[in-house]
Amino acid sequence: MASLQRLRSVAPAMSSPGLPDASAPAGSSAGGPRQLDAGARRRWLPPLLLAAGTLSWLWVTATAPPRTGRQLLAWSTRNLAIGLVLGWAAAFATLRARSRRALLAGMLATVLAAATLLLLELIGWLGLVDWATLFHLRHVAPLGSVRLPDALVRGEGKEDIAALWHLPSAPIAFEYRTDHLGFRNLHDRDSAQLYCLGDSFLVAGLLPIESTVTALLERELGVPTMSLGLIGLGVQEEQRLWREAALPVQDCIVLQFVTEDNDLVDSARFRAGRNNWDIHSPSAHSFVDSLVLWLQRCLQPTPGEAHTHVGSCLGQQVAFQWDRGSFAGLDREVDAVLDCITGLHAEIAAAGGRHAVVLIPSKLRVLGPRCTWPEDSALRELDSQLGPLPVALARRCSEQGIPLFDLTDTLVQVAAHELPYFCLDTHWNAAGHAAVARALAGWSFVRGR
């Protein structure tokens, strides 16, 4: 009996320290609750870190409205896209921490969303759906952009920059009347002695036809004058328009109006095969691209330029659409424009006519030196915002013997006491047209001296 008692007393000491005590309740452990808490922390740490990273990224990259263009809420498209990717990763980490079933559901939802997006993109690129049109992103070709023979349209219009940037502006009543060729002219003729070939400056849709430079030139000179102008034309399209019109030119004068503001942009568009009224986007058929542009316009109707590109001049707020974006990166278009002008000059001379060039300077070149700008406006550095076309055009015309009339001095002189442009538009007002007509009527080339 004594030896048996000694054996029982030693038995507990012989038990393995790694085995549970048989006398303890099933499932109990000395460190159990603490181990479960540590495991939960390990599972939820990644989603918490990713969520914090997402919020930090959005906080750091949030900005005030941009100086140019639009953005999505307080972020650029790129920064918001990065934030969405981080948020997606945080959501997946959260689902993984919850359960395997939740993770699988999230993966299935992602695959379905990606497949749907891919399908929407595919039908756009195949031409089955025009997303840019459905999102109302395509520019509507305005009245005066195509020939409308014998048209008579009355209505109300807005200054073009005001309409583009959603700026408050009073409507302007207009009457748009065309001749049998589809051009806006005071008289309906089959030919003229003086032709004016150009773009929207000649159309002048916001002015009465009697106040346009073409009508005023006829009054000043006393000779039949005809406008061959349509909105949105570049010099290449003007040359094509001249050929299509097929008007008699023997012993006649053709004044070709070249626009510093956007003729380089129009040349690049024309040589790329793009229509002037298509959306200006590298992927107009893309669902994602169209959706982003639509959201930007909804969330920020007025772009940054509405602040930085409006200066004070002669006591009025004056807007400027065209800046260095009208020539930056378009160096090759300068020669393309000049070559086209040179070709048209030779073409008209061969047909017995006389061709000359009239340079329309940019609104910024004329009014910029007289403006007071916001502190954050890039237009304060005026020299960097003026392009090379006037100098290059003067050089080429001199080399080729092409008569050139630069309207810069004429418009600058007017601007000393009154605005020759509409305040919220890129075009001349009545005072500008009158000054240009007087200057051209006094040009010896036009008078034949």
Kirkwood Rh, Cα atoms: Rg over Rh of the stretch 211-297
1.14
Neighbours of V203 by Cβ distance under 14 Å: Lys/Arg at +1, Asp/Glu at -1, summed charge -4
Amide H contacts of L404 (H built 1.01 Å from N, under 5 Å, at least 5 apart or other chain):
V357
The size of the Cβ-based charge dipole (Lys, Arg +1; Asp, Glu -1) of the stretch 365-449 about the Cα centre, to the nearest 20 debye, is 520
Shape of the stretch 281-413 from its Cα gyration tensor (a ≥ b ≥ c, root eigenvalues): rounded if a/c is under 1.5, otherwise prolate when a/b > b/c, or oblate?
oblate
In the stretch 246-335, the chymotrypsin sites (Phe, Trp or Tyr not before Pro) that sit in a DSSP loop and have at most 15 other Cβ atoms within 10 Å of their own Cβ are W277
The stretch 351-416 - Debye-derived log10 I(q)/I(0), Cα point model, q = 0.13, 0.15, 0.27 Å⁻¹:
-0.47, -0.59, -1.18
For the Cα atoms of the chain, what angle does the longest principal axis make with the long axis of helix 2-14, in degrees from 0 to 90, nearest 10?
10
Which of the GluC sites (Glu not before Pro) across the stretch 350-446 are loop residues per DSSP, with 13 or fewer other Cβ within 10 Å?
E375, E381, E418
Mean projected area in nm² (Cα convex hull; one quarter of hull surface) for the chain:
33.2
If amide H atoms are built 1.01 Å from N in the plane of the peptide, which residues on other chains or at least 5 residues away come under 5 Å of the amide H of N185?
D179
Against the longest alpha carbon principal axis of the chain, how many degrees, from 0 to 90 and to the nearest 10, is the axis of helix 389-400 turned?
40
Leading residue at positive end of dipole, the chain (Cβ point charges), from N262, A132, G448:
A132
Among bridges DSSP assigns within the chain, what percent are antiparallel (round to 5)?
40
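The numbers here are math on the coordinates, done by the rules we state, and not lab data. Predicted model, so just to flag it, every value in this text is computed and none were measured. Here the Cβ is made from the backbone with ideal geometry for all residues, glycine too, and neighbour counts use every protein chain on show.
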